[in-house]
Amino acid sequence: MRLFAPRERYPQETRVALTPPAVEQLTRLGLGVTVEVGLGASLGIDDASYLRSGATIGQSADEADIVVRLRPPPLDEIRTQRPGSVAVGFFEPFFQPELVRAMTEAGLSALCMELIPRTTLAQKMDALSSQASLAGYAAVIVAAERIDKVLPMMTTPAGTITPARVFVIGAGVAGLQAIATARRLGARVEAFDTRPAAQEQIASLGAKPLVIDLGATGEAKGGYAQALTPEQLMQQRQAMAKSCAAADIVITTAQVFGKRAPLLVTAAMVAGMRPGSVIVDLAAGSGGNVEGIVPDEECLVSGVKLIGLSNLPGKVARDASQLYANNVVSLLTHLWDPAAKGLRFDLNDEITSGTLLVHGGQIRHDGVRSLVEGS
Ligand code: NAD
């Protein structure tokens, strides 16, 4: 069985889907691995390193049984994959109905990294978590570089510097890593999440949970947050305005799976912050938590720096690639049938069934199917 890893087509992408150690593991599994010329160039990994780890160097996906990517590919690339072959990657299924339709029409089986169940058993394959964790770290490093003050308290002969105040909105995987990173740098951290379970996790990292009584917020399937009502959102914004105004840095990470990110920081709340303070919006790529955020730009609004980097894991591309490649290896190992020397799709298995977005000419995820049919 042959696996191909093409170069990423997204212009600002610095990560790669397969690293040489991952190639070695896949080769040991029994797969023949080909990588596109220059796959690792953005990381300074040359073709010779891939060759040494057992890959061959090639140009196209035509012959491949499995094609492993990181970002959603352009539609014409999907059409070059042969029917019956497998596509692996982040496919943004809720935002790219055309791509899902193209994969279905091309007769592919699509293993969608966003749909890997968020369970203990699937942790090793959970690429949303591996990338979100690095994004949370990178957000704080970017903010620390752009803010006009230090993060820790410093007692000097010339005077005492108070620690920076960081307010984190959304304490999932990215938010918790942002809290931990800001704490390690010595900042005073406050955080809020709509899921009640998050309060204990925030406190366990040495941050102060902001408590807002929004009534029932609930949890959706898979531990995801439920979308709030417009009234609850308004109440949340009012209650957070004081914390934003007191903060030197605000990091927003709030997402509702499969939906546009909720707008949580309004222009009025931004105007209430001190000039020179910084907001990093991790949700910039999915609509933004902050009014006025522009993806991949830094804007100055009311003297506040609004930073909307949509590829924060790409700031630490070496580690992000290593973790993503490990996630892919774990997924393919889970699906590997040594006797048949191929992938086996056991639809009774929770991980396989959850991850397999497209198979046998069908879209298997109900929410995505209705989106594609309605588009
Ligand atoms: P996510 O990226 O979907 O959302 C980020 C955070 O935003 C979440 O914590 C969510 O509750 C929060 N949020 C949504 N609306 C908000 C609002 N209006 N205000 C403030 N915060 C808001 O979440 P994620 O990081 O991918 O995690 C999703 C869930 O999966 C969490 O419960 C997490 O603990 C769980 N998880 C479990 C495992 C595992 O068991 N292996 C692994 C990873 C994640």
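Does at least one position in segment 146-153 carry a residue that is under 22 Å from Leu312 (Cβ atoms), under 18 Å from the mean Cα position of the chain (by Cα), assigned to a helix (DSSP H, G or I) and at pLDDT 95 or above? Checking segment 146-153: not a single residue is under 22 Å from Leu312 (Cβ atoms), under 18 Å from the mean Cα position of the chain (by Cα), assigned to a helix (DSSP H, G or I) and at pLDDT 95 or above. Within segment 207-217, the residues that satisfy the criterion of being on the phi < 0 side of the Ramachandran plot and part of a loop (DSSP other than H, G, I, E, B) are Ala207, Leu210, Val211, Ile212, Asp213, Leu214, Ala216, Thr217.
As a summary of the residue check, Thr253 satisfies the conditions (1) under 21 Å from Ala198 (Cβ atoms); (2) surrounded by fewer than 16 Cβ atoms within 10 Å (Cβ to Cβ) except for the one numbered (2). Applying the condition of being assigned to a helix (DSSP H, G or I) and not hydrophobic (A, V, I, L, M, F, W, C) to segment 180-206 and asking which residue is farthest from the ligand (Cβ to nearest atom) yields Arg184. Screening segment 56-125 for strands (runs of 3 or more DSSP E) wholly inside it with 3 or more residues that are within 27 Å of Arg260 (Cα to Cα) returns the ranges 86-89, 109-112. The residues of segment 15-34 include none that are in contact with a Pro (Cβ under 8 Å, 6 or more places away or on another chain), surrounded by 20 or more Cβ atoms within 10 Å (Cβ to Cβ) and under 17 Å from Val86 (Cα atoms). Considering Ala317, Ala284, which residue is closer than 18 Å to Gly172 by Cβ and within 15 Å of the chain's Cα centre (by Cα)? Criteria check complete, one pass: Ala284.
Check whether at least one residue in segment 218-240 is touching a strand residue (DSSP E or B) at 6+ places or on another chain (Cβ under 8 Å), in a strand (DSSP E or B) and modelled with pLDDT of 95 or more, and report yes or no. No.
Scanning segment 339-375 for residues that are touching a Cys at 6+ places or on another chain (Cβ under 9 Å) and of a type in the set (A, V, I, L, M, F, W, C) returns Leu356, Leu357, Val358, Val368. In this structure, is Thr104 among the polar types (S, T, N, Q), surrounded by fewer than 23 Cβ atoms within 10 Å (Cβ to Cβ), touching a residue at least 12 places away in the same chain (Cβ under 8 Å) and within 16 Å of the ligand (Cβ to nearest atom)? No: the conditions fail for Thr104.
Out of all the residues in segment 153-168, is one or more within 20 Å of Leu228 (Cβ to Cβ), within 16 Å of the ligand (Cβ to nearest atom) and in contact with a helix residue (DSSP H, G or I) (Cβ under 8 Å, 6 or more places away or on another chain)? Checked segment 153-168: at least one residue is within 20 Å of Leu228 (Cβ to Cβ), within 16 Å of the ligand (Cβ to nearest atom) and in contact with a helix residue (DSSP H, G or I) (Cβ under 8 Å, 6 or more places away or on another chain). Just one of the listed residues (Pro230, Pro209) is exposed (fewer than 13 other Cβ atoms within 10 Å of the Cβ) and away from the ligand (no atom under 11 Å from the Cβ), namely Pro230. The set of residues in segment 191-204 that are surrounded by fewer than 21 Cβ atoms within 10 Å (Cβ to Cβ) and under 16 Å from Gly136 (Cα atoms) comprises Ala198, Gln201.
The values are calculated or read from the model by the stated rules, or taken from the named source; none is laboratory data. Being a predicted model, the structure only gives us computed values, none of them experimental. Note that we place each Cβ from the backbone using ideal geometry, even for glycine, and neighbour counts take in every protein chain shown.
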